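Step one of this worksheet: look at the structure below.
The values are calculated or read from the model by the stated rules, or taken from the named source; none is laboratory data. Since this is a predicted model, take the numbers as computed values, not measurements. Glycine gets a Cβ as well: all are built from the backbone with ideal geometry, and neighbour counts include every protein chain shown. With ligands, DNA and RNA removed, areas are computed over all heavy atoms of the protein, side chains included. Shrake-Rupley method; radii C 1.70, N 1.55, O 1.52, S 1.80 Å.
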Amino acid sequence: MADTARSATSTQPDDLEEVNGRLEGRPPEEILIWATERFAPDVILTCSFQHDGVVLAHMLTRIAPWVPIVFLDTGFHFPETLAYKDEIVARFGLKLREMTPSMPRAEFARTHGLDLYRRNPDLCCRINKVEPLRAALEGVRCWINGRRRDQSAGRGSIAIVERYEGAIHKVNPMVAWTAADTYRYMQKHSIPEHPLFEKGYASIGCAPCTRPILAGEDERAGRWSGTGKTECGIHTLLKPAE
């Protein structure tokens, strides 16, 4: 382990300014070492099988293969995403944990209709993504995810380590990377691309709410286009710790 990761590990966990100062600018692998050693065994990685999450999952196969990879199966994913998920899991032997909504799809359709994403996208996300994640976070102290600062204006100030209610620490190892960094890592390690990436999909969520981006748009512009919505809710679910 690098000296910086060892030093950060010994830092008091409540001193987030100190931890973030030590980890800022360090490779994602070192941040993963710190997180998995500090919070083992209560660690998960959420991965929607976009490229950044896949890269982190691959890194964890070498650093901490015991970490569960949590996939929120909303029932609305592109078929290409589900096939890609199966390919990546099989190729790298990921420890996958799939979470599904507590409301079965037939009941969801009867109660809300399958076009809820148009009429009330926040409610649709809450039922199909936010509540399954809430269940996945039970007993978790460290939630690793693949957000980057350059993905959108709203993500530009993300810290590497954030602390939330319930003593949950959200760890963001990829914050300083760009899409080009992610792509270079995938090429180096022979990780296949999501099949929709070459069709212009830079950020891929549920099929009804995702479109290819246009020239000059930011990476997440294709999500909930025209609604004013910018986040599904899983990253605003928790309240920051006081």
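Under 6 Å by Cβ, and 6 or more places apart or on different chains, what pairs join a residue from the range 173-194 that is within 23 Å of Glu80 (Cβ to Cβ) with one that is open to solvent by less than 50 Å² (accessible area, probe 1.4 Å) and among the aliphatic types (A, V, I, L, M)?
Thr182/Val55; Tyr185/Val55
Does Arg149 satisfy the condition of being in contact with a Lys or Arg (Cβ under 8 Å, 6 or more places away or on another chain), touching a residue at least 24 places away in the same chain (Cβ under 8 Å) and open to solvent by 10 Å² or more (accessible area, probe 1.4 Å)? I'd like the intermediate steps shown before the answer.
Details: in contact with a Lys or Arg (Cβ under 8 Å, 6 or more places away or on another chain): yes; touching a residue at least 24 places away in the same chain (Cβ under 8 Å): yes; open to solvent by 10 Å² or more (accessible area, probe 1.4 Å): yes.
Judged against the criteria, Arg149 is a match.
Can you name the condition, by its number, that Val67 falls short on among (1) touching a His at 6+ places or on another chain (Cβ under 6 Å); (2) under 20 Å from Phe39 (Cβ atoms)?
(1)
Run down Cys142, Cys124 and say which single residue is crowded, with 20+ Cβ neighbours inside 10 Å and either over 15 Å from the mean Cα position of the chain (by Cα) or of a type in the set (Asp, Glu) (or both). Full working, then the answer.
Numbers: Cys142 fails: either over 15 Å from the mean Cα position of the chain (by Cα) or of a type in the set (Asp, Glu) (or both).
That would be Cys124, the only listed residue that is crowded, with 20+ Cβ neighbours inside 10 Å and either over 15 Å from the mean Cα position of the chain (by Cα) or of a type in the set (Asp, Glu) (or both).
I'd like the residue in the range 17-58 that is in contact with a helix residue (DSSP H, G or I) (Cβ under 7 Å, 6 or more places away or on another chain) and of a type in the set (Phe, Trp, Tyr) and, out of all such residues, is surrounded by the most Cβ atoms within 10 Å (Cβ to Cβ).
Trp34
Restrict the check to the range 91-100 and report whether at least one residue is part of a helix (DSSP H, G or I), modelled with pLDDT of 95 or more and surrounded by fewer than 12 Cβ atoms within 10 Å (Cβ to Cβ).
Our first condition is that a residue be part of a helix (DSSP H, G or I); within the range 91-100, this holds for 91-92.
Okay, now just the ones that are also modelled with pLDDT of 95 or more, so 91-92.
So of that shortlist, the ones also surrounded by fewer than 12 Cβ atoms within 10 Å (Cβ to Cβ) come out as none.
No: zero hits.
Can you confirm whether the range 156-166 contains a residue that is surrounded by fewer than 18 Cβ atoms within 10 Å (Cβ to Cβ) and free of Cβ contacts under 8 Å to residues at least 12 places away in the same chain?
Looking for residues that are surrounded by fewer than 18 Cβ atoms within 10 Å (Cβ to Cβ) and free of Cβ contacts under 8 Å to residues at least 12 places away in the same chain, one finds at least one in the range 156-166, hence yes.
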